[in-house]
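Worksheet: one structure, shown below.
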DNA sequence: ACGCTCCAGGTTGTCTGACAACTAGCGGCA
DNA sequence: TGCCGCTAGTTGTCAGACAACCTGGAGCGT
């Protein structure tokens with residue numbers, strides 16, 4: 001499955017694993033490019049391309065004439081720049097992910113959903129509402145919308161803890177990336193009831209639009225997270241490099 | 001100054017400019033690698049390395065045998081993955097950034113600051129507190145801490161709207177990246193007073209640790225943003241690629 | 001007229017080899 | 001002892017070649 005990726009992507013993935021597993025610790029110097037390439041029986045150019053990817057991700061930094069070094073960065077929990085699902089999010093805390101109060105139906109698209117999915121307002125779209133639980137405790141109230149001709153309400157329901165992403169993937173709609181907007185908020189009456197908290201409880205809301213590599217928006221989601229359930233982190237690059245602000 | 005960067009970084013920067021300025025629109029196909037390289041009188045491998053960087057950043061996507069295409073992604077406002085200062089943040093909304101209630105002093109490091117800066121608890125550190133305004137309206141309450149032997153309280157004050165980053169840079173401490181944690185919150189009495197809002201007002205708090213490329217933590221900051229002042233967005237990669245969850 | 005196959009050109013992916021630019025440490029020399 | 005310069009090692013760039021793959025059109029058969 002991962003062999004379908006190009007060679008440099010596989011090599012990059014292997015290097016990420018070495019760093020993530022601790023075999024390469026922060027500050028360590030990587031073996032030289034020719035050495036890394038020879039070990040794996042690939043050309044230096046492919047190895048070099050893989051290292052370039054990791055450099056861009058901020059995992060390593062190169063010093064001309066000296067070597068390539070693993071950068072110091074803490075192990076991130078719930079890195080916002082990665083598009084994981086809520087299940088993985090819960091699982092990463094060591095708790096058991098579950099689903100409650102799942103409903104799936106055809107609804108008239110709310111304005112912001114219609115706009116994001118690029119369909120006329122009021123178009124019928126598939127909606128999936130779920131309350132996600134961690135060890136049985138409700139922690140996230142999620143709503144997903146997608147075009148009815150992409151996934152029907154029936155296909156959306158019964159996923160269990162399965163990801164909507166994989167369901168879309170089976171229809172040839174591979175989610176390439178998403179754009180998320182983060183806002184704080186207080187629980188309204190309905191959300192409070194669904195999450196079993198007091199009305200006005202503190203929430204972190206993530207509105208997200210997922211799209212394919214062709215730029216087709218295929219999934220809109222709104223997640224209300226209990227404030228004390230998770231801590232979201234993100235690595236912010238610059239201003240050392242690429243600090244320019246255009247326009 | 002940008003010529004000190006390696007060639008592929010310059011080429012990548014030029015390509016980013018082409019995309020950002022709209023000369024290359026989403027969905028457009030880039031000229032072929034040999035063509036791009038020939039136009040700029042560089043080798044294909046350097047051009048290719050630059051494109052690899054943009055691919056990793058998500059600006060373009062390559063299709064084997066077909067070409068390289070500009071990905072469709074909205075212009076992001078306040079992209080969290082970029083480490084801009086609060087001044088740039090305010091300026092990007094078209095409002096005039098300002099500073100109020102600036103105080104700078106030597107304080108005993110709070111536990112989480114001491115831990116982040118890797119100094120013993122209670123060590124004296126420089127603290128800079130500022131209320132940032134947009135067209136005169138208070139919108140962000142920020143506090144910065146750094147080691148006293150890096151920047152004294154006197155050096156921290158009087159920056160005007162200048163960035164703490166540039167002050168650190170003049171001491172050879174170039175901030176390479178930061179790690180931010182995002183949490184929702186309600187204004188306590190003091191923050192409410194400083195921001196001139198009701199106690200309990202909705203806030204988005206960003207705790208951040210900035211470090212050099214060597215991994216030395218040089219700056220800790222805590223920003224309380226008024227909930228309705230800004231919308232923070234972030235591009236989330238995957239699960240199309242690199243969706244694996246390790247451990 | 002329509003649909004299918006096959007082919008040729010174009011593009012990205014990978015390989016090989018070479019040299020330039022730069023770093024860091026070691027040893028000789030004053 | 002302290003400085004200089006050299007050398008081995010590493011990353012940066014170049015050049016050329018071929019493989020793998022996609023796309024559109026020509027040509028053919030129905």
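What to note about this one:
- The orientation-averaged projection of the convex hull spanning the C-alpha atoms of region B:1-59 amounts to 4.1 square nanometres.
- Based on the convex hull around the alpha carbon atoms, region B:92-145 presents an average projected area of 4.2 nm².
- Peptide-level mean, for B:79-88, of C-beta atoms on other protein chains within 10 Å: 5
- The C-alpha atoms of chain A define a longest principal axis, and helix A:44-57 lies at about 50 degrees to it.
- In chain A the Cα-Cα distances spread across 5 Å bins starting at 0 as 1, 5, 11, 14, 15, 14, 13, 10, 8, 5, 3, 1, 0 percent of all pairs.
- Overall Cα dimensions of region A:80-121 - principal axes, largest extent first, Å: 42, 28, 9
- Label-point distances for residue B:216 to the equivalent site in the other copies, using a point 7 angstrom along Cα→C-beta, read 5.2 nm when ranked shortest first.
- Pairwise centroid distance, computed over Cα atoms, of region B:1-55 with region A:198-223, Å: 32 Å
- If you look at the Cα atoms of region A:81-208, you get an Rg and a Dmax of 14.8, 42 Å.
- Sum of -39500 (n - 2.57) over DSSP H runs of 4+, divided by residues of chain A (222 nm, nearest 500): -7000 deg cm²/dmol
- Using the Cβ-Cβ distance between residue B:152 and residue B:92 with R0 set to 22 Å, the FRET efficiency from 1/(1 + (r/R0)^6) comes to roughly 0.10.
- Stokes-Einstein translational diffusion, region B:159-205 - Kirkwood Rh over all Cα pairs, 1.002 mPa s, 20 °C, in µm²/s: 162 µm²/s
- Cubic angstrom per residue, convex hull over Cα atoms of region A:117-170: 89 Å³
- Take the Cα of residue A:214, step 7 Å toward its Cβ, do the same at residue B:199, and the gap between the two points is 5.7 nm.
- Teacher prompt: residue A:118 distances to equivalent labels in other copies, 7 Å Cα→Cβ, nm: 4.8
- The DSSP beta bridges internal to region A:124-176 are antiparallel in roughly 100% of cases.
- Evaluated at q = 0.12 Å⁻¹: base-10 log I(q)/I(0), Debye formula over Cα of the protein assembly as shown: -1.25
- Comment: the Cα-to-Cβ extended label point of residue B:32, at 7 Å, lies 3.5 nm from its counterparts in the other copies, nearest first.
We did not get these values from a lab; they are worked out from the coordinates using the rules stated. It should be emphasised that the depicted structure is a prediction, and the values quoted were computed from it without experimental measurement. Glycine also receives a Cβ, built like all others from the backbone with ideal geometry; neighbour counts cover every protein chain displayed.
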